[in-house]
Amino acid sequence: MQASDLKVETRIGVKRKPRRILSIVSNTAQLKGFAVGFFGEEMTRAFLMFTEAGHRVDLASPEGGEVMIDTHSDPRTPGGPYADDLVTLGFVHHARFGALLKQTLPISAVNVDDYDAVWVAGGGGPLLTFKDAPALHALIADFYEKGKVVALICHGACLLLWTRLSDGRLLAEGKTWTGFSDEEEDEVNKAFGMTLNDYTIQGEAARIQGTTYRCRGANEPFAVRDGRLITGQQQYSSGLTAELVLDALDE
(Lines give C-alpha, C1' and ligand atoms only; values in the text may rest on other atoms or scores of the structure.)
Protein backbone atom coordinates (compact mmCIF):
# COMPACT_ATOMS: atom_id res chain seq x y z
CA MET A 1 0.00 0.00 0.00
CA GLN A 2 1.35 3.40 -0.93
CA ALA A 3 1.44 6.17 1.64
CA SER A 4 -0.80 8.16 -0.67
CA ASP A 5 -3.46 5.44 -0.36
CA LEU A 6 -3.82 5.93 3.39
CA LYS A 7 -6.91 7.71 4.60
CA VAL A 8 -6.02 10.06 7.41
CA GLU A 9 -8.73 11.34 9.75
CA THR A 10 -8.07 14.37 11.91
CA ARG A 11 -10.19 15.91 14.63
CA ILE A 12 -10.06 19.31 16.21
CA GLY A 13 -11.33 19.62 19.75
CA VAL A 14 -14.00 22.17 20.64
CA LYS A 15 -12.52 25.03 22.62
CA ARG A 16 -15.24 26.46 24.81
CA LYS A 17 -15.42 29.67 26.75
CA PRO A 18 -15.50 28.74 30.46
CA ARG A 19 -18.94 29.31 31.96
CA ARG A 20 -20.49 29.05 35.41
CA ILE A 21 -23.49 26.81 35.91
CA LEU A 22 -25.67 26.48 39.00
CA SER A 23 -26.98 22.95 39.60
CA ILE A 24 -30.00 22.78 41.92
CA VAL A 25 -31.25 19.66 43.69
CA SER A 26 -34.07 19.08 46.15
CA ASN A 27 -33.64 19.02 49.89
CA THR A 28 -34.77 15.86 51.65
CA ALA A 29 -38.49 15.28 52.17
CA GLN A 30 -40.80 12.49 53.30
CA LEU A 31 -42.85 10.73 50.63
CA LYS A 32 -45.35 8.14 51.85
CA GLY A 33 -43.20 7.40 54.87
CA PHE A 34 -39.72 7.26 53.36
CA ALA A 35 -37.05 9.85 52.71
CA VAL A 36 -36.56 11.16 49.17
CA GLY A 37 -34.18 13.63 47.60
CA PHE A 38 -32.91 13.93 44.04
CA PHE A 39 -32.27 11.43 41.26
CA GLY A 40 -28.54 10.73 41.14
CA GLU A 41 -27.84 10.60 37.41
CA GLU A 42 -30.01 13.63 36.67
CA MET A 43 -27.50 15.77 38.50
CA THR A 44 -24.22 13.89 38.14
CA ARG A 45 -24.20 13.18 34.39
CA ALA A 46 -24.75 16.83 33.54
CA PHE A 47 -22.21 17.82 36.19
CA LEU A 48 -19.61 15.60 34.53
CA MET A 49 -20.39 16.83 31.03
CA PHE A 50 -20.25 20.46 32.09
CA THR A 51 -16.96 20.12 33.96
CA GLU A 52 -15.41 18.12 31.12
CA ALA A 53 -16.36 21.00 28.82
CA GLY A 54 -14.34 23.34 31.03
CA HIS A 55 -17.25 24.91 32.89
CA ARG A 56 -17.51 25.47 36.64
CA VAL A 57 -20.52 23.97 38.40
CA ASP A 58 -21.81 24.94 41.85
CA LEU A 59 -24.30 22.76 43.71
CA ALA A 60 -27.24 24.37 45.49
CA SER A 61 -30.57 23.45 47.07
CA PRO A 62 -33.51 25.58 48.20
CA GLU A 63 -32.52 25.43 51.87
CA GLY A 64 -28.83 24.62 51.49
CA GLY A 65 -26.97 22.11 53.62
CA GLU A 66 -26.81 18.34 53.22
CA VAL A 67 -28.82 16.65 50.48
CA MET A 68 -29.46 13.03 49.63
CA ILE A 69 -29.71 10.95 46.47
CA ASP A 70 -32.96 9.02 46.26
CA THR A 71 -32.35 5.52 47.61
CA HIS A 72 -33.95 4.17 44.43
CA SER A 73 -31.35 5.84 42.19
CA ASP A 74 -28.35 5.64 44.53
CA PRO A 75 -25.85 3.12 43.09
CA ARG A 76 -24.74 2.29 46.64
CA THR A 77 -28.16 0.82 47.47
CA PRO A 78 -27.72 -2.98 47.84
CA GLY A 79 -29.55 -4.69 45.00
CA GLY A 80 -30.70 -1.35 43.62
CA PRO A 81 -31.60 -0.88 39.94
CA TYR A 82 -28.86 1.69 39.33
CA ALA A 83 -25.85 -0.18 40.69
CA ASP A 84 -24.10 0.35 37.34
CA ASP A 85 -24.42 4.13 37.40
CA LEU A 86 -20.66 4.69 37.43
CA VAL A 87 -20.98 8.45 37.02
CA THR A 88 -22.96 8.88 40.25
CA LEU A 89 -20.79 6.31 42.02
CA GLY A 90 -17.69 8.23 41.00
CA PHE A 91 -19.24 11.51 42.10
CA VAL A 92 -20.12 10.39 45.63
CA HIS A 93 -16.67 8.88 46.16
CA HIS A 94 -14.81 11.88 44.75
CA ALA A 95 -13.03 13.75 47.53
CA ARG A 96 -14.09 17.21 46.36
CA PHE A 97 -17.35 16.59 44.52
CA GLY A 98 -18.76 14.11 47.03
CA ALA A 99 -18.26 16.68 49.76
CA LEU A 100 -20.61 19.07 47.93
CA LEU A 101 -23.52 16.86 48.95
CA LYS A 102 -22.78 17.63 52.60
CA GLN A 103 -23.03 21.39 52.27
CA THR A 104 -24.96 22.69 49.29
CA LEU A 105 -25.31 26.40 48.71
CA PRO A 106 -28.70 27.82 49.79
CA ILE A 107 -30.46 29.62 46.96
CA SER A 108 -30.72 32.69 49.21
CA ALA A 109 -26.96 33.06 48.76
CA VAL A 110 -27.08 32.81 44.96
CA ASN A 111 -26.31 35.82 42.78
CA VAL A 112 -27.82 35.11 39.38
CA ASP A 113 -25.36 37.52 37.75
CA ASP A 114 -22.55 35.09 38.64
CA TYR A 115 -23.96 32.35 36.40
CA ASP A 116 -24.63 31.64 32.75
CA ALA A 117 -27.10 28.77 33.25
CA VAL A 118 -29.10 26.87 35.83
CA TRP A 119 -29.72 23.11 35.82
CA VAL A 120 -32.44 21.58 38.01
CA ALA A 121 -32.49 17.83 38.66
CA GLY A 122 -35.58 15.77 39.41
CA GLY A 123 -36.18 12.86 41.74
CA GLY A 124 -38.62 12.13 44.53
CA GLY A 125 -38.18 15.45 46.29
CA PRO A 126 -39.11 18.22 43.81
CA LEU A 127 -42.89 17.66 43.70
CA LEU A 128 -42.84 17.97 47.49
CA THR A 129 -40.24 20.68 48.08
CA PHE A 130 -40.46 22.92 44.99
CA LYS A 131 -44.21 23.64 44.96
CA ASP A 132 -44.36 25.95 47.97
CA ALA A 133 -40.96 27.55 47.38
CA PRO A 134 -41.61 31.06 46.05
CA ALA A 135 -37.96 32.04 46.45
CA LEU A 136 -36.97 29.19 44.14
CA HIS A 137 -39.65 30.16 41.61
CA ALA A 138 -38.37 33.74 41.68
CA LEU A 139 -34.79 32.56 41.20
CA ILE A 140 -35.67 30.54 38.10
CA ALA A 141 -37.64 33.48 36.69
CA ASP A 142 -34.66 35.76 37.37
CA PHE A 143 -32.33 33.41 35.53
CA TYR A 144 -34.63 33.41 32.52
CA GLU A 145 -35.36 37.13 32.45
CA LYS A 146 -31.67 37.96 32.66
CA GLY A 147 -31.01 36.00 29.50
CA LYS A 148 -29.56 32.88 31.12
CA VAL A 149 -30.09 29.27 30.05
CA VAL A 150 -32.70 27.45 32.17
CA ALA A 151 -32.55 23.63 32.08
CA LEU A 152 -34.98 21.40 33.97
CA ILE A 153 -35.07 17.61 33.85
CA CYS A 154 -37.66 15.02 34.88
CA HIS A 155 -39.49 16.12 38.06
CA GLY A 156 -37.33 19.24 38.08
CA ALA A 157 -39.57 20.46 35.24
CA CYS A 158 -42.38 20.83 37.78
CA LEU A 159 -41.01 24.33 38.36
CA LEU A 160 -42.72 25.35 35.12
CA LEU A 161 -46.06 24.77 36.84
CA TRP A 162 -45.45 27.66 39.26
CA THR A 163 -42.63 29.91 38.05
CA ARG A 164 -44.00 33.31 37.02
CA LEU A 165 -42.17 36.08 35.24
CA SER A 166 -42.16 39.68 36.41
CA ASP A 167 -45.26 40.44 34.32
CA GLY A 168 -47.19 37.70 36.13
CA ARG A 169 -47.23 35.20 33.26
CA LEU A 170 -46.14 31.64 33.84
CA LEU A 171 -42.75 30.92 32.28
CA ALA A 172 -44.43 27.89 30.67
CA GLU A 173 -46.88 30.04 28.71
CA GLY A 174 -46.03 29.97 25.02
CA LYS A 175 -43.31 27.36 25.59
CA THR A 176 -42.88 23.78 24.41
CA TRP A 177 -41.37 21.54 27.05
CA THR A 178 -41.24 18.08 28.60
CA GLY A 179 -40.92 16.39 31.97
CA PHE A 180 -41.74 13.11 33.70
CA SER A 181 -44.82 11.70 31.95
CA ASP A 182 -48.00 10.16 33.31
CA GLU A 183 -47.05 6.85 31.71
CA GLU A 184 -43.79 6.90 33.64
CA GLU A 185 -45.61 7.84 36.84
CA ASP A 186 -47.86 4.81 36.33
CA GLU A 187 -44.85 2.52 35.92
CA VAL A 188 -43.28 3.82 39.13
CA ASN A 189 -46.56 3.46 41.02
CA LYS A 190 -46.84 -0.17 39.89
CA ALA A 191 -43.26 -0.86 40.95
CA PHE A 192 -43.87 0.55 44.43
CA GLY A 193 -47.38 -0.83 44.76
CA MET A 194 -48.91 2.55 45.57
CA THR A 195 -49.66 5.95 44.13
CA LEU A 196 -46.64 7.97 45.15
CA ASN A 197 -47.49 11.51 44.06
CA ASP A 198 -50.73 13.41 44.56
CA TYR A 199 -50.39 15.15 41.20
CA THR A 200 -48.34 14.79 38.03
CA ILE A 201 -46.44 17.18 35.79
CA GLN A 202 -48.28 16.11 32.65
CA GLY A 203 -51.65 16.32 34.37
CA GLU A 204 -51.00 19.83 35.70
CA ALA A 205 -49.48 20.99 32.41
CA ALA A 206 -52.80 20.20 30.72
CA ARG A 207 -54.38 22.91 32.87
CA ILE A 208 -52.04 25.65 31.63
CA GLN A 209 -53.39 27.60 28.70
CA GLY A 210 -50.90 28.44 25.98
CA THR A 211 -48.29 25.86 26.91
CA THR A 212 -47.28 22.75 24.97
CA TYR A 213 -46.20 19.69 26.96
CA ARG A 214 -44.68 16.89 24.89
CA CYS A 215 -43.28 13.47 25.75
CA ARG A 216 -42.15 10.22 24.22
CA GLY A 217 -42.81 6.68 25.42
CA ALA A 218 -41.90 5.67 28.96
CA ASN A 219 -38.13 5.78 29.57
CA GLU A 220 -37.40 6.89 26.02
CA PRO A 221 -34.68 9.57 25.84
CA PHE A 222 -36.27 12.89 24.91
CA ALA A 223 -35.28 16.52 25.35
CA VAL A 224 -36.73 19.80 24.09
CA ARG A 225 -35.12 23.16 23.54
CA ASP A 226 -37.35 26.21 23.23
CA GLY A 227 -34.98 29.13 23.06
CA ARG A 228 -33.20 29.39 26.40
CA LEU A 229 -35.59 26.93 28.07
CA ILE A 230 -34.30 23.35 27.89
CA THR A 231 -36.13 20.37 29.37
CA GLY A 232 -35.57 16.61 29.57
CA GLN A 233 -38.19 13.92 30.12
CA GLN A 234 -36.42 11.65 32.63
CA GLN A 235 -33.04 10.26 33.72
CA TYR A 236 -32.44 8.58 30.37
CA SER A 237 -32.54 12.05 28.84
CA SER A 238 -29.79 13.50 31.04
CA GLY A 239 -27.09 13.36 28.36
CA LEU A 240 -29.33 14.71 25.61
CA THR A 241 -30.47 17.58 27.79
CA ALA A 242 -26.95 18.47 28.89
CA GLU A 243 -25.81 18.49 25.25
CA LEU A 244 -28.50 21.04 24.46
CA VAL A 245 -27.26 23.19 27.34
CA LEU A 246 -23.69 23.03 26.03
CA ASP A 247 -24.91 24.01 22.58
CA ALA A 248 -26.85 26.96 23.99
CA LEU A 249 -23.83 28.16 25.98
CA ASP A 250 -21.66 28.02 22.87
CA GLU A 251 -23.93 30.38 20.94
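Can residue 231 be described as in a strand (DSSP E or B) and either closer than 19 Å to residue 85 by Cβ or of a type in the set (S, T, N, Q) (or both)? Spell out how you get there, then give the answer.
Numbers: in a strand (DSSP E or B): yes; either closer than 19 Å to residue 85 by Cβ or of a type in the set (S, T, N, Q) (or both): yes.
Yes.
Could you list, in sequence order, all residues of segment 193-251 that are of a type in the set (S, T, N, Q), farther than 19 Å from residue 162 by Cβ and open to solvent by 40 Å² or more (accessible area, probe 1.4 Å)? Don't jump to the end; show me each part of the working.
Filtering segment 193-251 down to residues of a type in the set (S, T, N, Q) leaves 195, 197, 200, 202, 209, 211-212, 219, 231, 233-235, 237-238, 241.
Those still in the list that are farther than 19 Å from residue 162 by Cβ too: 195, 219, 233-235, 237-238, 241.
Matches in segment 193-251: 195, 219.
In the list 153, 140, which residue meets the criterion of being open to solvent by less than 60 Å² (accessible area, probe 1.4 Å) and more than 14 Å from residue 60 (Cα to Cα)?
153
Please determine whether any residue of segment 26-38 is open to solvent by less than 70 Å² (accessible area, probe 1.4 Å), at pLDDT 95 or above and farther than 27 Å from residue 131 by Cβ.
No.
Considering only residues of segment 182-221 that are of a type in the set (A, V, I, L, M) and under 25 Å from residue 80 (Cβ atoms), which is modelled with the lowest pLDDT?
191
Search segment 120-144 for residues that are more than 13 Å from residue 24 (Cβ to Cβ) and pair each with any residue that is part of a helix (DSSP H, G or I) and not hydrophobic (A, V, I, L, M, F, W, C) when their beta-carbon atoms are under 9 Å apart and the residues are at least 6 apart or on different chains.
124/155; 127/155
When you go through 147, 174, 168, 125 one by one, which is the residue that is open to solvent by less than 10 Å² (accessible area, probe 1.4 Å) and either at pLDDT 95 or above or touching a Cys at 6+ places or on another chain (Cβ under 8 Å) (or both)? Give the derivation first.
Working: 147 fails: open to solvent by less than 10 Å² (accessible area, probe 1.4 Å); 174 fails: open to solvent by less than 10 Å² (accessible area, probe 1.4 Å); 168 fails: open to solvent by less than 10 Å² (accessible area, probe 1.4 Å).
One residue alone meets the criteria, 125.
Mind checking which residues of segment 99-117 are open to solvent by 50 Å² or more (accessible area, probe 1.4 Å) and over 18 Å from residue 20 (Cα atoms)?
Selection gives 99, 102, 103.
For segment 49-92, give me the residue count where each residue is farther than 20 Å from residue 109 by Cα, surrounded by 21 or more Cβ atoms within 10 Å (Cβ to Cβ) and of a type in the set (Val, Ile, Thr).
2
Helices (runs of 4 or more DSSP H) wholly in segment 118-197 with at least 2 residues that are closer than 23 Å to residue 19 by Cβ - which ones?
Working: elements: 126-129, 134-145, 182-192.
Where helices (runs of 4 or more DSSP H) fall fully within segment 118-197 and carry at least 2 residues being closer than 23 Å to residue 19 by Cβ, they are 134-145.
The values are calculated or read from the model by the stated rules, or taken from the named source; none is laboratory data. Small disclaimer: the values here were computed from a predicted structure and weren't measured. With ideal geometry, Cβ positions are generated from the backbone for all residues, glycine too; neighbour counts draw on all protein chains shown. Side chains are part of the model used for accessible areas, which takes the heavy atoms of the whole protein and leaves out ligands, DNA and RNA. Shrake-Rupley method; radii C 1.70, N 1.55, O 1.52, S 1.80 Å.
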